[in-house]
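I have placed the structure first, in the form of structure tokens, so that the comments after it can refer back to it.
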Amino acid sequence: MTEPRLLQNFSGGRAIVVTDRASSLEILLTTLNRLGVGTDPADIFERAAAIDATTLQPDRDIIFIDGDIDDVAVLPLSPIGRLAPAPIIGLLGVSAPSRLKALMRAGATSFLRKPIHGAAVYPALFVGVNEYRRHRHLEALLEGHDRRRRGRRDVVKAIIRTMAEYGVDDDEAYDLLRRRSMKTRQTMEDLCKDLIRSADGQEHGECVPRRKLAD
Amino acid sequence: MPLQNLQVGYLFSSTGSYELVARSMLNGALLAAEEVNASGLGIRLEPSVVNPGGDLSQYSALATTLLKRNIRHVVGCYTSSSRKEVIPLFEKHDALLWYPSHYEGFESSTNVIYTGAAPNQHVLPLVEYLLAHHGHRAFCVGSNYIWAWENNRILRESITARGGSVLAERYFAVGETDFHQAIEAIIEARPSFVFLTLIGTSAYQFFRDFRAACRARGIDQAKEMPVASCSLSEPELEAIGGEAVDGHLSSSVYFCSIQSPANLRFLKAYELRFPEGPTASADAEASYNAVWLLARSAAAAGTDDPRVIKAEIVHQRLDAPQGKVWIDEQTFHAYLTPRIGRSNRNAKFDLISAARAPVQPDPYLVHNSARFEAAAVPSLRLVS
């Protein structure tokens with residue numbers, strides 16, 4: 001899986017801001033506009049719970065959550081990487097460990113210190129969005145590895161069956177299976193799962209066509 | 001009561017490794033102040049000139065001195081490192097820095113008015129020109145600081161996206177003048193062009209040594225490996241001098257060779273006032289424009305309050321030597337007219353292309369760059 005490229009131009013993005021101090025957002029919103037990130041008054045909320053998580057788009061939306069409000073951690077997080085549905089940048093007033101922890105638990109991948117300094121916005125976006133994308137990439141990798149780990153049992157079974165059926169050693173059996181998976185554009189795990197299932201079906205008298213490896 | 005006297009600081013390194021350009025900037029600013037004072041605009045500028053001598057630590061010390069004297073407007077800085085050194089001071093004192101030089105972008109301080117070119121007004125047009133007319137193999141040589149690093153990044157991304165390549169990037173300390181090894185490497189690599197981001201005395205020495213090394217090998221350097229720069233200006237051509245002055249490409253919003261009544265007036269006044277030189281440059285014009293924009297805004301606002309002047313400046317339209325110039329209300333950078341020139345034996349530039357109209361500044365390249373960084377060319381091999 002190719003590592004994601006760094007995002008460096010944020011034009012076309014949409015900012016969603018969660019704060020109960022909307023009057024202090026002028027520098028943030030002005031700077032975001034200069035960077036091509038849209039800031040609609042309708043996207044400024046007093047509570048994170050007001051955000052409709054089902055409409056969030058991770059490649060477009062960037063959420064700024066004020067760490068000084070109470071309910072920062074209400075958006076659903078992914079099970080492995082604990083990522084929110086879109087990148088979150090924490091706005092720090094009080095930098096005490098409890099607030100930092102709350103924002104990190106909410107899924108923040110970058111921070112902006114209040115009062116916000118215009119020059120700090122681009123670096124915060126750059127780090128926050130690209131860290132989010134990197135985490136998402138790693139999460140997908142982990143998911144893939146986990147799926148493959150679960151499929152190893154079928155791979156081992158398929159190797160043993162192939163060895164018995166074709167009278168070959170384990171390396172050759174693996175090679176036969178590997179070539180078949182590339183030919184049929186299946187992962188090894190999916191191919192072996194199918195083979196084991198079809199073989200089991202025959203043993204149980206079901207009419208499942210048996211696949212040939214050496215065709 | 002209308003504002004009558006306006007104190008303004010001029011912060012230019014009229015000595016040091018890039019003194020030539022900085023002196024022309026100071027001249028442009030001084031000329032503008034004298035013209036404002038004689039113009040009947042109803043405002044009198046009182047410049048206080050300080051010289052950091054190219055020493056980074058002196059920039060903040062001298063800027064502090066000016067700001068503590070309650071001067072709220074300072075025109076100055078040439079290098080980005082010096083600008084970044086003083087910006088926190090202007091933010092602390094809520095004063096305005098009028099930065100009159102081209103730069104690499106990715107900045108928009110609320111306490112700076114940028115009258116020089118943003119990267120979409122000089123770096124990108126040059127990259128486009130080079131790729132269209134000279135080829136896709138670049139060799140980058142620059143001074144080791146943000147100006148060179150960022151320009152080379154922009155070039156690398158544009159050229160990689162079109163299947164070209166950057167053969168090498170070499171960086172040298174500001175003021176370095178020994179380029180023997182780099183020149184040997186360039187001649188060995190035979191790039192389509194050399195992208196030069198050296199500044200000051202380093203650049204002048206490179207031009208001379210590169211031309212001499214090529215000539216010794218019978219290579220027509222200007223034709224076969226032209227040097228292209230986004231900062232080369234007329235006073236620097238004079239400093240290069242002799243046999244190495246011609247055939248270099250420069251991307252700028254101003255050249256002395258622009259034929260317009262406003263520019264001829266500017267050049268005549270400049271040469272009359274500063275017969276000893278240095279010759280006018282793009283940065284001298286940007287300094288001249290900055291002072292005029294400040295004076296007009298202050299006169300219209302009736303105050304030197306930076307916030308009021310920022311609100312007023314976006315209404316000003318200047319008939320500058322380069323053409324119409326005005327300030328973008330979103331970024332506080334200037335609308336300017338990109339041009340490309342080729343240096344000739346008279347230490348001037350022949351104009352070879354120009355935009356039809358002033359171009360909106362895009363300091364973050366929001367409208368002029370890819371969303372993602374350039375992808376590395378994948379190294380694939382045939383496996384079966």
| request: Determine, yes or no, whether B:Leu67 is in contact with a strand residue (DSSP E or B) (Cβ under 8 Å, 6 or more places away or on another chain), of a type in the set (A, V, I, L, M), within 22 Å of B:Val308 (Cα to Cα) and without any contact (Cβ under 8 Å) to a residue 60 or more places away in the chain. | output: yes
| field | Odd one out for B:Thr64 among (1) in contact with a Phe, Trp or Tyr (Cβ under 9 Å, 6 or more places away or on another chain); (2) more than 22 Å from B:Ile146 (Cα to Cα); (3) among the β-branched types (Val, Ile, Thr) | value | (1)
| Do the conditions hold for B:Glu188, that is, is it modelled with pLDDT under 95 and not basic (Lys, Arg)? | no
| field | Subset of the stretch A:15-51 (residues that are more than 14 Å from chain B (Cβ to nearest Cβ) and not aliphatic (A, V, I, L, M)) | value | A:Thr19, A:Asp20, A:Arg21, A:Ser23, A:Ser24, A:Asp40, A:Pro41, A:Asp43, A:Phe45, A:Glu46, A:Arg47
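Residue-by-condition table, conditions (1) in contact with a helix residue (DSSP H, G or I) (Cβ under 6 Å, 6 or more places away or on another chain); (2) over 30 Å from A:Leu35 (Cβ atoms):
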| residue | (1), (2) |
| --- | --- |
| A:Gly107 | no, no |
| A:Lys114 | no, no |
| A:Ala124 | no, no |
| A:Asp146 | no, yes |
| A:Ala158 | yes, yes |
| note | Counted residues in the stretch A:8-34 being in contact with a helix residue (DSSP H, G or I) (Cβ under 6 Å, 6 or more places away or on another chain) and surrounded by 19 or more Cβ atoms within 10 Å (Cβ to Cβ) come to 5
| query | When you go through A:Ser23, A:Ser78 one by one, which is the residue that is more than 20 Å from A:Glu131 (Cβ to Cβ) and among the polar types (S, T, N, Q)? | reply | A:Ser23
| remark: Picked from the stretch A:125-134 (must be away from chain B (no Cβ under 14 Å) and buried (at least 19 other Cβ atoms within 10 Å of the Cβ)), the residue farthest from the chain's Cα centre (by Cα) is A:Gly128
| query | Restricting attention to the stretch A:69-117, which residues are in a loop (DSSP other than H, G, I, E, B), at pLDDT 90 or above and among the charged types (D, E, K, R)? | reply | A:Lys114
| query | In the stretch A:82-95, is there at least one residue being under 24 Å from A:Asp59 (Cβ atoms), within 14 Å of another protein chain (Cβ to nearest Cβ) and among the aliphatic types (A, V, I, L, M)? | reply | no
| Do you know which residues across the stretch A:1-14 are of a type in the set (D, E, K, R), more than 8 Å from every other protein chain (Cβ to nearest Cβ) and either touching a Pro at 6+ places or on another chain (Cβ under 7 Å) or part of a loop (DSSP other than H, G, I, E, B) (or both)? | A:Glu3
| query | Hey, among B:Asp305, B:Asp246, B:Asp283, B:Asp319, which residue is closer than 21 Å to B:Ser48 by Cα and surrounded by fewer than 20 Cβ atoms within 10 Å (Cβ to Cβ)? | reply | B:Asp305
| B:Asn289: at pLDDT 95 or above, out of contact with any Leu (no Cβ under 8 Å at 6 or more places or on another chain) and part of a helix (DSSP H, G or I), yes or no? | no
| request: Hey, can you tell me all the residues within the stretch A:44-67 that are farther than 15 Å from A:Gly12 by Cα and among the charged types (D, E, K, R)? | output: A:Glu46, A:Arg47, A:Asp52, A:Asp66
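With the requirement that a residue be part of a helix (DSSP H, G or I) and modelled with pLDDT under 95, what does the stretch B:5-50 give you?
If the condition is that a residue be part of a helix (DSSP H, G or I) and modelled with pLDDT under 95, then B:Glu19, B:Leu20, B:Val21 are the ones that fit.
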| said: If I ask for residues that are more than 16 Å from the chain's Cα centre (by Cα), more than 24 Å from B:Glu19 (Cα to Cα) and not polar (S, T, N, Q), which ones from the stretch B:89-126 would you list? | reply: B:Glu91, B:Lys92, B:His93, B:Asp94, B:Ala95
| query | Looking at the stretch A:183-215, which of its residues are modelled with pLDDT of 90 or more, in a helix (DSSP H, G or I) and more than 20 Å from A:Arg150 (Cα to Cα)? | reply | A:Lys183
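Tally up the residues in the stretch B:194-205 that are of a type in the set (Phe, Trp, Tyr) and either surrounded by 24 or more Cβ atoms within 10 Å (Cβ to Cβ) or under 15 Å from the mean Cα position of the chain (by Cα) (or both), please.
So the count comes out to 1.
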| Could you list, in sequence order, the residues of the stretch B:32-48 that are aliphatic (A, V, I, L, M) and surrounded by 14 or more Cβ atoms within 10 Å (Cβ to Cβ)? | B:Ala32, B:Ala33, B:Val36, B:Leu41, B:Ile43, B:Leu45
| note | From the option list B:Asn120, B:Asn111, single residue qualifying as in contact with an Asp or Glu (Cβ under 6 Å, 6 or more places away or on another chain), surrounded by fewer than 23 Cβ atoms within 10 Å (Cβ to Cβ) and either touching a residue at least 40 places away in the same chain (Cβ under 8 Å) or not hydrophobic (A, V, I, L, M, F, W, C) (or both) is B:Asn111
| message | Quick check on the stretch B:78-98: of everything there that is in contact (Cβ under 8 Å) with a residue 60 or more places away in the chain and in contact with a Ser or Thr (Cβ under 7 Å, 6 or more places away or on another chain), which residue is nearest to the other protein chains (Cβ to nearest Cβ)? | response | B:Val86
| request: For the stretch B:150-164, name all the residues that are closer than 15 Å to B:Pro363 by Cα and crowded, with 21+ Cβ neighbours inside 10 Å. | output: B:Asn151, B:Ile154
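The values are calculated or read from the model by the stated rules, or taken from the named source; none is laboratory data. Computed from a predicted structure; not experimentally measured. Note that each Cβ is placed from the backbone with ideal geometry, even for glycine, and that neighbours are counted across all protein chains shown.
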